[in-house]
Amino acid sequence: MKFIKDMKPGDRIQDIYFCKSKTPATTKNGKPYDNVILQDKTGCVDGKIWDPNSAGIDDFDSKDFIEVCGEATSFNGMLQVNIKRARICREGEYDPALYMPVSSKDNDEMFKELLGLIASVKNQYLHRILEMLFVEDKEFIAAFRKSSAAKSVHHGFIGGLLEHTLSVAKLCDYYCTSYASLNRDLLITAAICHDIGKTKELSAFPENDYTDCGNFMGHIVMGAQMIHDLVRQIDGFPTLLDQELEHCILAHHGQLEYGSPKKPVLMEAVALNMADDTDAKMETFKEIRENATEPGWLGFNRLFESNLFDTRVEY
């Protein structure tokens, strides 16, 4: 099988892929075509069916496994597959494990490192919150370790939520070594818990799509609710500490226009927002570079609001 990460412009493609999405579109001249996102465990690639009504194109939909015949090309520096023929595959023709994107980092090692950070939290109330979630709640742990951190944009793969959470927590741990005014226990706890709502916001692979409650409320509100429900089970949990922890979660996107119900008012909330934004953008840039087909300019990206360039340092 030719994995997506190994595709190059000019390659002839004849393999089975997972159809992550399929949407109809129209060219400027009014001709219909289909946008298709093909996926395997190494990533996703844009596909185009320029003649969707041709005899060689089966009537398939999103979430189908399809055999694709076509050619890999480059458009604006990004890989694209022009699909000439496509047929729906039957169960048994493919191994589903080959088609779900997975973190390149070891899941067990990442979770072990996360547990080490949890063990370092000294405040009894915050430590108890983390224990209830990441040590005692087996159903939550299983979902957390398998979840992606996003439908797209960054860490959109199995184990992505764990990888992103660990990176954010480690950045926050570093901040604490440089800025003594930060309350480390609060910041580390908030960092580890900031995206727990994504276990409910996004469905499991292969769908990896927004659930009803994800669309209604979003992971920020659901995460704060999850913390509030746990706090109610802990005798004597200080009211102000509860409010500070929930605020960090509610404010971690930083700006109202980015989905935060509140803007940060705590030093810890500011630090969490910066760490979350840093890891999301660094991972996004890394994935863009990995998917580029040509060196140099990588095209305009809406997240960065800029035409990006792949660094080249000459020695």
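Among the residues of region 11-45, those identified as part of a loop (DSSP other than H, G, I, E, B) and more than 20 Å from the chain's Cα centre (by Cα) are D11, T27, K28, N29, G30, K31.
On the given criteria, is M110 under 20 Å from the mean Cα position of the chain (by Cα), assigned to a loop (DSSP other than H, G, I, E, B) and surrounded by 12 or more Cβ atoms within 10 Å (Cβ to Cβ)? Taking the combined requirement at face value, the residue does not satisfy it. Only residues that are over 16 Å from F111 (Cβ atoms) and not β-branched (V, I, T) were counted in region 158-197, giving 19.
Residue-by-condition table, conditions (1) part of a helix (DSSP H, G or I); (2) modelled with pLDDT of 95 or more; (3) closer than 25 Å to L303 by Cα; (4) not hydroxyl-bearing (S, T, Y):
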{"site": "A180", "(1), (2), (3), (4)": "no, yes, no, yes"}
{"site": "I188", "(1), (2), (3), (4)": "yes, yes, no, yes"}
{"site": "F205", "(1), (2), (3), (4)": "no, no, yes, yes"}
{"site": "N215", "(1), (2), (3), (4)": "yes, no, yes, yes"}
{"site": "H228", "(1), (2), (3), (4)": "yes, yes, no, yes"}
{"site": "D235", "(1), (2), (3), (4)": "no, yes, no, yes"}
{"site": "Q243", "(1), (2), (3), (4)": "yes, yes, no, yes"}
{"site": "I249", "(1), (2), (3), (4)": "yes, yes, yes, yes"}
{"site": "H252", "(1), (2), (3), (4)": "no, yes, yes, yes"}
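Is it true that some residue in region 112-126 is of a type in the set (F, W, Y), touching a helix residue (DSSP H, G or I) at 6+ places or on another chain (Cβ under 8 Å) and under 22 Å from D276 (Cα atoms)? No, there is no match, as no residue in region 112-126 is of a type in the set (F, W, Y), touching a helix residue (DSSP H, G or I) at 6+ places or on another chain (Cβ under 8 Å) and under 22 Å from D276 (Cα atoms). Set side by side, the residues D61, D34 differ, and just one is farther than 23 Å from H154 by Cβ and out of contact with any Pro (no Cβ under 9 Å at 6 or more places or on another chain), which is D61.
Go through the residues of region 43-59 one by one and say whether even a single one is touching a Ser or Thr at 6+ places or on another chain (Cβ under 9 Å) and of a type in the set (G, A, S). Within region 43-59, none of the residues are touching a Ser or Thr at 6+ places or on another chain (Cβ under 9 Å) and of a type in the set (G, A, S). Tell me yes or no: at least one residue of region 42-52 is touching a residue at least 12 places away in the same chain (Cβ under 8 Å), charged (D, E, K, R), crowded, with 17+ Cβ neighbours inside 10 Å and more than 21 Å from F300 (Cα to Cα). No, that holds for no residue.
Looking at region 113-155 only, could you name the residues that are part of a loop (DSSP other than H, G, I, E, B) and either over 30 Å from D15 (Cβ atoms) or open to solvent by 10 Å² or more (accessible area, probe 1.4 Å) (or both)? If you could, list the steps in order and put the result at the bottom.
In the first step, residues of region 113-155 are kept if they are part of a loop (DSSP other than H, G, I, E, B); the result is 120-123, 137, 147-155.
Those that are part of a loop (DSSP other than H, G, I, E, B) and either over 30 Å from D15 (Cβ atoms) or open to solvent by 10 Å² or more (accessible area, probe 1.4 Å) (or both): S120, V121, K122, N123, D137, S147, A150, K151, S152, V153, H154.
Remark: pairs (first residue in region 89-100, of a type in the set (A, V, I, L, M, F, W, C); second residue open to solvent by 70 Å² or more (accessible area, probe 1.4 Å) and at pLDDT below 90; Cβ separation under 6 Å; 6+ apart in sequence or on different chains) = L98/K41; M100/K41.
Take region 255-302 and flag every residue that is part of a loop (DSSP other than H, G, I, E, B) and surrounded by fewer than 19 Cβ atoms within 10 Å (Cβ to Cβ). Explain how you work it out, then say what you get.
Narrowing region 255-302 to residues part of a loop (DSSP other than H, G, I, E, B): 255, 259-266, 293-296, 302.
The answer is Q255, G259, S260, P261, K262, K263, V265, T293, E294, P295, G296, R302.
The values are calculated or read from the model by the stated rules, or taken from the named source; none is laboratory data. Note that the structure is predicted; figures quoted are calculated from it, not measured. Here the Cβ is made from the backbone with ideal geometry for all residues, glycine too, and neighbour counts use every protein chain on show. SASA here: full protein model, heavy atoms, side chains in, ligands and nucleic acids out. Shrake-Rupley method; radii C 1.70, N 1.55, O 1.52, S 1.80 Å.
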